[in-house]
Amino acid sequence: MSRELTYAEAVREAIDLAMARDERVFLIGEDVGVYGGAFGVTDGLYQKYGPERVRDTPISEAVIAGVATGAALTGMRPIAEIQFMDFITLSMEQLVLQAAKLRFMLGGKVQVPFVLRTPAGAGTGAAAQHSESLENWFVHVPGLKVVMPSTPADAKGLLLASIEDPNPVIFVEHKLLYRTKGAVPEGYYTIPLSQTEVKRVGRDLTIVATSLMVVRALEAAETLAKEGIEVEVVDPRTLKPLDAEPIVRSVCKTGRVLIVHEACKTGGFGGELAAVIAESEAFDYLDAPIRRLAGLDIPVPYNRELERRMVPQVEDIVDAARRLVKEAR
Amino acid sequence: MNQSFADLSPERLRALLHQMMLIRAFEEAAEQLYLQGLIHGTMHLSVGQEASAVGACAALRPTDYILSTHRGHGHCIAKGARVDLMMAEFFGKETGYCRGRGGSMHMADVDTGNLGANGIVAGGVPMAAGVGLSIRMQQQDRVVLVFFGDGATNEGAFHESLNLAAIWNLPVIYFCENNQYAMSMAIARASKVEKLSDRACAYGIPGVTVDGNDLLAVYCATKEAVERARSGGGPTLIEAQTYRWKGHSKSDKQRYRTKEEVKAWQERDPIARLAQKMLEASLLTEADLQHLQARVDEEIAAAVAFAKASPEPDPATIFEGVYA
Ligand SMILES: Cc1ncc(C[n+]2csc(CCOP(=O)(O)OP(=O)(O)O)c2C)c(N)n1
Ligand SMILES: [Mg+2]
């Protein structure tokens, strides 16, 4: 059985189920308690599980990441929240130099099973220090997993899988997705990490998109379908470790690929995806160059129109797709 | 000279009262415009905290620097910014202080020494040590005052900055606006230290706690710290005890505090307190007060009109300003 939930509700339900099932799971972060989290995601959990397991912290992102690492190292299963992904910059040392590497450095004798949830993305008028999409920083770090769900059902199943996973997982939510709705199965279920999903089948062009851009790509695909362009939309869901095979297979089929993400283009995940495709057997099937559509290489502007232009919109995806299907190698 | 007004002349006092009233009017107008959908994003209002912004900046010279916070409209106005250019920034217009790129959380007026609000809690605190060092190395007759909230004192960077400024004897005034909460986190839950100024002893520098809703108390404490910094005596930590009347931002249900608590603090309104004190000392008449209010209302109306009439940034300039 499933019913409609928002993305935020789906995330909350996953946390609730994990906490009910496993006493080692606890929640830590700024204003996650009575306030219910800056975006209301943890609303009601404090009332249900109490201050021992739903822990408000002072504004101290370094120690939030540190507490998650230390507690995970010694038998607990923390879910840490960093209020905006921008503030993860203050957690970097514990995440990158400690949590990610501890198992390896200690010869495989320990594990660090925690999830760090954080909302990313622009579109709320919150300007340059509250709109970052920094996922690719973490993709670059061996030992960390990076998950970026695009639908409520994925958010729930992937979060539960992330909590079960014996490694540190950076779980990136998108602020503009929180209110989107979708069918979500009831009860406990997991969606395996590192499992790319084809969200829409098509023959003319592959769009590989992440997070909010999956939703926009699917909308663009509807428009394009009316023009006779059949787009295949592929969502990696887990950025690291990446399940490349379905992406490669799709590109072999369509011969054209457009990669779409919100983060700045230079150094973004799209570069990695393009390289993976170029290095694969799909190279021989490409009828046109691999194209990327991504955030402009600027900080996120406050002005509404500039902010809108900074991030790929549905019409930008439609345009890029139209051009790409006409391109030849 | 009336002893209870320190070295402030009646004209100066009226100017400071005007500034406090202007801050409140600016923020109340901004809130209304937000509710009308004319301004997007979020905003952090400092209504109820005007005395700490104005009292602190009153002790500075125009050439001195400040670093501000996400709750920074008051600091900006107190340091001498123009409300029309601030309002235009709020509207995201090209004529705004940051050409519409920054908005409320990044409001800055470099010409009046305001190096900027900050979206990051404690974001300005480490930079303050750098500004202090730069002043020292260039042998300038300046100081820097950095504003931050109670919540900022639990970031690691806060401690690193105070320690460094202390050992290098830098001309920095660390000004903590303790408004009792960091979002939903009451300071009593976030710190075991009863007075945040007590933290100064960990760095071997002076610390003082003042009534942040008393303009004169704030002014006097800051003046002393500024004189110390200017004469080579190093940094000071000031804690101004105050309260924010409004929610943390535009999405706060305020479940973490009671209406009674808010009401009790509203009775300690910093603006009404100064006005009352000046009325009693015959430094102000009721007519003066009405006149001041009318002037403030006009200034805000003009600012809103200016902002509305201003042009949007040209999208062709979107890449400007990323690199020098
Ligand atoms: C590094 C960082 N962490 C968290 C936040 C989110 N946030 C913005 S303001 C705020 C509360 C700040 O409290 P305080 O420093 O006391 O200032 P106040 O809001 O009370 O003026 C929080 C948690 C942020 N902007 N930056
Ligand atoms: Mg505070």
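The values are calculated or read from the model by the stated rules, or taken from the named source; none is laboratory data. Source: prediction; values computed, not measured. We place every Cβ from the backbone using ideal geometry, glycine too, and count neighbours over all the protein chains shown.
Before moving on, here are some points about what is shown:
- Taking segment A:225-315 and the helices (runs of 4 or more DSSP H) fully enclosed by it, the elements with 1 or more residues that are closer than 22 Å to A:Val201 by Cβ and modelled with pLDDT of 95 or more are at A:245-254, A:269-279.
- Residue within segment B:252-263 that is more than 16 Å from ligand 2 (Cβ to nearest atom), surrounded by fewer than 19 Cβ atoms within 10 Å (Cβ to Cβ) and touching a residue at least 60 places away in the same chain (Cβ under 8 Å) present: yes
- For segment A:274-293, the condition holds for at least one residue, the condition being that it is within 24 Å of A:Pro149 (Cβ to Cβ) and out of contact with any helix residue (DSSP H, G or I) (no Cβ under 8 Å at 6 or more places or on another chain).
- Hey, B:Gly37 without any contact (Cβ under 8 Å) to a residue 40 or more places away in the chain, away from ligand 2 (no atom under 16 Å from the Cβ) and either part of a loop (DSSP other than H, G, I, E, B) or surrounded by fewer than 23 Cβ atoms within 10 Å (Cβ to Cβ) (or both) or not: yes
- Residue match in segment B:84-91 (condition: within 16 Å of ligand 2 (Cβ to nearest atom) and within 14 Å of chain A (Cβ to nearest Cβ)): no
- Matching entry among B:Ala15, B:Ala6 (being of a type in the set (A, V, I, L, M, F, W, C) and at positive phi): B:Ala6
- For segment A:62-71, the criterion of being in the same structural domain as A:Ala126 (by TED's automatic domain parsing), at positive phi and among the small types (Gly, Ala, Ser) is satisfied by no residue at all.
- Taken over segment B:179-232, the criterion of being crowded, with 20+ Cβ neighbours inside 10 Å, among the polar types (S, T, N, Q) and more than 16 Å from ligand 2 (Cβ to nearest atom) is satisfied by B:Thr222 alone.
- Qualifying positions in segment A:33-57 - part of a loop (DSSP other than H, G, I, E, B) and more than 22 Å from the chain's Cα centre (by Cα): A:Gly33, A:Val34, A:Tyr35, A:Gly44, A:Thr57
- Yes/no for A:Glu13 being modelled with pLDDT of 95 or more, among the charged types (D, E, K, R) and out of contact with any Phe, Trp or Tyr (no Cβ under 6 Å at 6 or more places or on another chain): yes
- A single entry from A:Arg77, A:Arg55 fulfils the requirement of being more than 13 Å from chain B (Cβ to nearest Cβ) and farther than 18 Å from A:Ala8 by Cβ: A:Arg77.
- Residues within segment B:146-190 that are without any contact (Cβ under 8 Å) to a residue 40 or more places away in the chain and either near ligand 1 (Cβ under 7 Å from one of its atoms) or under 18 Å from B:Ala53 (Cα atoms) (or both), tallied: 2
- Single condition B:Phe175 does not satisfy, out of (1) closer than 29 Å to B:Asp269 by Cβ; (2) away from ligand 2 (no atom under 16 Å from the Cβ); (3) touching a Leu at 6+ places or on another chain (Cβ under 7 Å): (2)
- Scanning segment A:1-32 for residues that are within 14 Å of chain B (Cβ to nearest Cβ) and either assigned to a strand (DSSP E or B) or away from ligand 1 (no atom under 16 Å from the Cβ) (or both) turns up A:Ala8, A:Ile28, A:Gly29.
- Flag for B:Ala152 being within 14 Å of another protein chain (Cβ to nearest Cβ) and touching a strand residue (DSSP E or B) at 6+ places or on another chain (Cβ under 9 Å): yes
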